[in-house]
Amino acid sequence: MIPLGGTSTGDDGISVQAILVAMPGKRDEGENPLAVKVTAAAIGAATGFVGPEAAVAGAGLTPVIEEVLGRLYSGLTARRVKRVTETLADAAEELGGDMAEQFRRLADAAASDETYQELLARTLTIAQDTAMRDKRRALGRALANALDDTGTRVDTEIAFVRMLADLDPVHIRVLKIMSRRPKHLDRVAAQMNAADDPKTARQWYEWSIVEADPGLEGAAYGALRVLERHGLIWDRGEQRVPSHGMQREYEISPYGDYLIDRLAAPGE
């Protein structure tokens, strides 16, 4: 069971503080974790293979290496705790009302329902390791959406979280591009009297995605494959495109639009 906070909710009580205490990388004040000590010693010892003088230098380097690794480790742990806290806060904000009360509701749900506890465990595990703020926001909303339901709704959110775990920043970049109309179809939208509707004429090709974001050259094709596998976009097959010949056409799906909404910051 994942502990969630400072106040017990019973024999199986979960509290937010306890979740943070259980995060990977917990260590005593002023003390480097064993993993850091072992790694520093191994690096120092490895220099001994070069020769006796290097071995002496390596032994002297071990404390320095441990100090540097310790600072990096501490920073990583702090970031993970911050990410988990933000995700829980996103869930509470999505639910509305008093944040402390919503934290208690999250704890009670995890304590009383094993399926919700699984959702919470998966969500926070993913949240601690992702630097993407919008991805953590979507994870928090998954916790909020499933809070008042059991069974099917929780199962749906678990599936959503699993999908989200498979998406890297490049996939989100491509999906966000595909959520709007490509410039080369603005005239088509105008002819359809739908120029003001950003969801009209959203057919994309690999070349047009790269044109919209040159940094995706070489990465767009692989990202499209992942997005299609998760049902976030549709492959419309090959189409004849003026000046480009036969090109495989892609379009964002309703599920892709749904994900974009889940990623968005409040007010976006």
Counting other beta carbons within 10 Å of each residue's own, what order do 135, 183, 82 fall into, fewest first? 183, 82, 135
Calculated FRET efficiency for the pair residue 257/residue 207, C-beta based, R₀ 25 Å, to 0.05: 0.65
Dimensionless Rg ratio for segment 156-214, taking C-alpha atoms and the 2.2 N^0.38 Å reference: 1.39
Could you list 196, 186 in order of exposure, starting from the residue whose Cβ has the fewest other Cβ atoms within 10 Å? 196, 186
What full-extension length gain, to one decimal in nm, is calculated for residue 118 and residue 149 as 0.36 nm per residue of separation minus the Cα-Cα distance? 9.8 nm
Taking alpha-carbon centroids only, segment 102-151 lies from segment 211-268 a number of Å equal to 28
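Would you kindly give the portion of the calculated P(r) for segment 169-263 that falls above 24 Å, as a percent of all Cα pairs?
So the pairs more than 24 Å apart make up 15 percent of the total in segment 169-263.
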Using Cα pairs under 8 angstrom and six or more residues apart, how large is the relative contact order of segment 169-263, in percent? 30
Interchain or sequence-distant (5+) residues whose placed amide H lies within less than 5 Å of the amide H of residue 233 are 228, 253
Report the calculated FRET efficiency for residue 217 and residue 100 (r = Cβ-Cβ distance, R0 = 35 Å), to the nearest 0.05. 0.15
Nitroxide proxy distance, nm - points 7 Å out along Cα→Cβ at residue 86 and residue 268: 1.2
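Only the coordinates and a few stated rules stand behind these numbers; no lab work does. A quick note: this is a predicted structure, and the numbers were derived from the prediction, not measured. Glycine gets a Cβ as well: all are built from the backbone with ideal geometry, and neighbour counts include every protein chain shown.
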